[in-house]
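First the structure, in the form of structure tokens, and then the observations on it.
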Amino acid sequence: MSHLDPGPIGALKLAPSLLSADFGYLAGAAQLVDEHVEWLHVDVMDGHFVPNITIGPPVVASLRRHTERFLDCHLMISEPRRYLEAFATAGADSCTVHAEVGDVAAALADARALGMRAGLAVNPDTPFSALEPHLADLDLVLVMSVFPGFGGQSFMPEVLEKVTGVRRVIEEEGLSVDLEIDGGIDVETAPRAVAAGANVLVAGSAIFSRPDPVAATHALRIAASGE
């Protein structure tokens, strides 16, 4: 499976979270914002690592037929290594696993071997030290600004210090790593996240819960870029 170019490392990217879209109209929701964003964010939950169940490889494969956007899959699951090949085959361009599940180095190596970008996520209460040993092996760091499991939660500003710390190390060590933030991102919080060092913004409710998701996408980009 050939995978798509993620775009310039470090450039501002919007990644609407399809978790907040109408699952009965998922392809339509993706296509609605497709040409206005860089990535599409796919939240995968197993009912074990997080208390919710969402979608898996078959839905990613269906989405892949309806969009040429970069598919950024966030695996909130206890055993990511069991499913990485299925996600790669389905058309995922990137898979992000959680530091909290362990066996991180092997999962990252597996993702890379399958031709995908490899990402590592940390929950709000997980320290930077859980990320640091793996930074040189990553394409993406995802800092959660809510506890994962459900959309529509409020932004936790205390995570911004962690974002700044990650960005500092990325710059000091010259790493080719995108820094993503997910949870409560909207026109108010996006500028703060970007100022702290994030360059990939995951937004669900702020886009798909609005009457006009395309207009909401443009408003988020303007807010994030300080225009």
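A short reminder: the numbers here are calculations on the coordinates, not readings from a lab. What you see is a predicted model, and the numbers here were worked out from it, not measured in a lab. Quick reminder, even Gly has a Cβ in these numbers, built from the backbone with ideal geometry, and neighbours come from all protein chains shown.
Extension gain, F147 to S209, is 20.3 nm, computed as 0.36 nm per intervening residue step minus the present C-alpha separation. Compared with the direct C-alpha span, the chain from V187 to E100 gains 28.4 nm at full extension, assuming 0.36 nm per residue. Amide H to amide H, with H built 1.01 Å from N, F70 comes under 5 Å of L40, counting only residues 5 or more places away or on other chains. Over all other residues within a Cβ to Cβ distance under 12 Å of E180, the charged ones net out to -2, with Lys and Arg as +1 and Asp and Glu as -1. Distance between the C-alpha centres of the range 28-66 and the range 173-192: 19 Å, rounded to the whole angstrom. Name the trypsin sites (Lys or Arg not before Pro) in the range 47-83 that are in a loop by DSSP and that have at most 14 other C-beta atoms within 10 Å, would you? Qualifying residues, ordered by number: R65.
Applying the Karplus relation 6.51 cos²θ - 1.76 cosθ + 1.60 with θ = phi - 60° to the range 110-122 yields 3J(HN,Hα) values of 4, 4, 5, 4, 8, x, 9, 6, 10, x, 10, 10, 10 Hz, where x marks Gly and Pro. Amide H to amide H, with H built 1.01 Å from N, H98 comes under 5 Å of I77, A121, counting only residues 5 or more places away or on other chains. Simple point charges give the picture: +1 on the Cβ of Lys and Arg, -1 on the Cβ of Asp and Glu, and for the range 144-202 a dipole about the Cα centre of about 80 debye. Let me make sure I get this right: for the range 110-154, a, b and c are the square roots of the gyration tensor eigenvalues over alpha carbons, sorted descending. Under 1.5 in a/c it's rounded, otherwise prolate if a/b > b/c, else oblate. Which is it? Here the range 110-154 falls in the oblate category. With point charges of +1 on the Cβ of Lys and Arg and -1 on the Cβ of Asp and Glu, referenced to the Cα centre of the range 22-225, which listed residue (V187, L114, F208) lies farthest in the positive direction of the dipole? Value: F208. Seen through its C-alpha gyration tensor, with square-root eigenvalues sorted a ≥ b ≥ c, the chain comes out rounded because a/c lies under 1.5.
Given the -39500 (n - 2.57) contribution per DSSP H run of 4+ residues, what per-residue ellipticity at 222 nm results for the chain, rounded to the nearest 500 deg cm²/dmol? Computed mean residue ellipticity for the chain: -9000 deg cm²/dmol.
For the range 84-96, 3J(HN,Hα) computed residue by residue from phi via the Karplus equation (6.51, -1.76, 1.60; θ = phi - 60°) reads 4, 4, 5, 5, 4, 5, 6, x, 5, 8, 8, 10, 10 Hz, glycine and proline entered as x.
Compared with the direct C-alpha span, the chain from H3 to V169 gains 57.0 nm at full extension, assuming 0.36 nm per residue. What the phi angles of the range 199-209 give under the Karplus curve with 6.51, -1.76 and 1.60, with θ = phi - 60°, is a coupling list of 10, 10, 10, 8, 9, x, 4, 5, 10, 7, 8 Hz, glycine and proline written as x. Over the chain, Cα pairs under 8 Å with separation of 6+ residues give a relative contact order of 21 percent.
Over all other residues within a Cβ to Cβ distance under 15 Å of F150, the charged ones net out to -3, with Lys and Arg as +1 and Asp and Glu as -1. Magnitude of the charge dipole for the chain, about its Cα centre and with charges confined to Cβ atoms of Lys, Arg (+1) and Asp, Glu (-1), is about 300 debye.
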